[in-house]
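The values are calculated or read from the model by the stated rules, or taken from the named source; none is laboratory data. Bear in mind the structure is a predicted one, so any value in this text is a computation, not a measurement. For neighbour counting, all protein chains shown are included, and Cβ atoms are generated from backbone atoms with ideal geometry for every residue, glycine included.
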Amino acid sequence: MIKKIKVEQLRPGMFIHDFNCGWMEHPFVRNRAKVKDEKLIEKIAGSGISEVYIDTDKGLDVAEMADGDKAAQQAQTERNGSAGAKPEAAQPVPLKEELARAKKIKEEAKMVVRSIMDEVRFGKEIKTAEVEPIIDKMIDSIFRNQDALLSLGRLKEVDEYTYMHSMSVCVLMISFGRHMGFGYQRLKDVGIGGILHDIGKMRVSQEILVSERHLSGDEYNQMKKHVEYSRAILEQTKGITETAFLVAAQHHERVDGKGYPEGLKGDEISLYGQTAAITDVYDAMTSQRCYQRRYQPTEVLKKLFEWKNHYNRHLVEQFIRCIGIYPVGSLVRLESGLLALVLSHGEEDLLHPVVRVVFDSGKGEYVLPYDVDLSEQLHRDTRDRIACSESPDRWGIETERYL
């Protein structure tokens, strides 16, 4: 349960869900932290922060809560539909344990998307009953360990991009929605919207859809119509909620009004459309396509942050907190020249995650894998830091083997 409390009520053992201020208004890289000692509390108070949100599911609770806070929490719960509720069977598990299940879910999701797209291509209606079971499985997996599906979602072949992109956007939307505090039903809605957001591409010429070159101006205009086609298809689909519809209908709108198809500006775009715009471009740019190289996740996050006129700045900050500056499964180079996979985000610092060293770039050879918590090394005389992101393709490293 998320509670708003006074900073003076904080004590070791609590888990801070949000510092209750803008990202640039507090001295911490991450907006969530486990309160390990009094020093952190003193640092928070010294930063001028008077109230924070705590997560009682992840840390200690306070004995009592002010009536005003109870009312605020109740209102938030009603808006979100029991935001903190988790499926009974979806208790947190280690990444390695969840990966095996996530691989099966990924393959099943890919088959579901392929089947639905084939049916639409041949003029058949979408049956939401065929979509909901896999969405439920994805939500369960993300509650157990979101990094399993997120890391697998980046592993896609060029010839399966259309199907895997839909699955990946679905996973990103559910993870992002969970981070934002959406209730379980709302997570299902954004998941369905994510997995169907590009369904209109099945009405675009296949020659354009699978083109291995940059499209001409006319061809690009035809491709852009896929959003209008998606809207038309979903308007005729039984069981599609408004939330799912908005994800598909607005994922190419931009807050500066330079998006399409309607050129909506700012708050004219729904929260779901704005989050879909971020997840869609993130997955597209981190994927290898015929006409575009694969950007590393950190490169894309930097661009999203720089494109402040295109995307909601606050939501971009929240998205970065959700998946991490160095997402789990990504490859990084340490200052020592060692290459390592990111295993988990640091509790208090996104710049110093837990990594698994697998390769020595100086010697050009693999090493016996071992794990390093870069945040623990901050207090040592000899320490290693992340220098930059690296491309697994460049080094021929199969990242999935080492997760």
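Table for the structure above
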| read-out | value |
| --- | --- |
| Residues located in segment 258-273, provided they are closer than 16 Å to Glu242 by Cβ and either in contact with a Phe, Trp or Tyr (Cβ under 6 Å, 6 or more places away or on another chain) or part of a helix (DSSP H, G or I) (or both) | Glu268, Leu271, Tyr272, Gly273 |
| Among (1) within 25 Å of Asn145 (Cβ to Cβ); (2) buried (at least 19 other Cβ atoms within 10 Å of the Cβ); (3) touching a helix residue (DSSP H, G or I) at 6+ places or on another chain (Cβ under 6 Å) - the single one Leu246 does not satisfy | (1) |
| Pairs with Cβ under 8 Å, 6+ apart, first in segment 102-117 and free of Cβ contacts under 8 Å to residues at least 24 places away in the same chain and farther than 15 Å from Arg144 by Cα, second surrounded by fewer than 19 Cβ atoms within 10 Å (Cβ to Cβ) and of a type in the set (Ser, Thr, Tyr) | none |
| Unique match (being more than 20 Å from His345 (Cβ to Cβ), modelled with pLDDT under 80, in contact with a helix residue (DSSP H, G or I) (Cβ under 8 Å, 6 or more places away or on another chain) and not aromatic (Phe, Trp, Tyr)) among Ala63, Ala85 | Ala85 |
| For Ala276: the one exception among (1) surrounded by 23 or more Cβ atoms within 10 Å (Cβ to Cβ); (2) not in a helix (DSSP H, G or I) | (2) |
| So Phe359, is it crowded, with 20+ Cβ neighbours inside 10 Å and in a strand (DSSP E or B) | yes |
| Count of segment 216-243 residues which are part of a loop (DSSP other than H, G, I, E, B), touching a helix residue (DSSP H, G or I) at 6+ places or on another chain (Cβ under 6 Å) and more than 15 Å from Glu125 (Cβ to Cβ) | 1 |
| Filtered residues of segment 279-324 (kept if in contact with a strand residue (DSSP E or B) (Cβ under 9 Å, 6 or more places away or on another chain), crowded, with 20+ Cβ neighbours inside 10 Å and of a type in the set (Gly, Ala, Ser)) | Gly324 |
| Check on Asp198, over 30 Å from Arg32 (Cα atoms) and surrounded by 23 or more Cβ atoms within 10 Å (Cβ to Cβ) | yes |
| Single residue of His226, His214 found to be closer than 25 Å to Trp307 by Cβ and touching a residue at least 60 places away in the same chain (Cβ under 8 Å) | His214 |
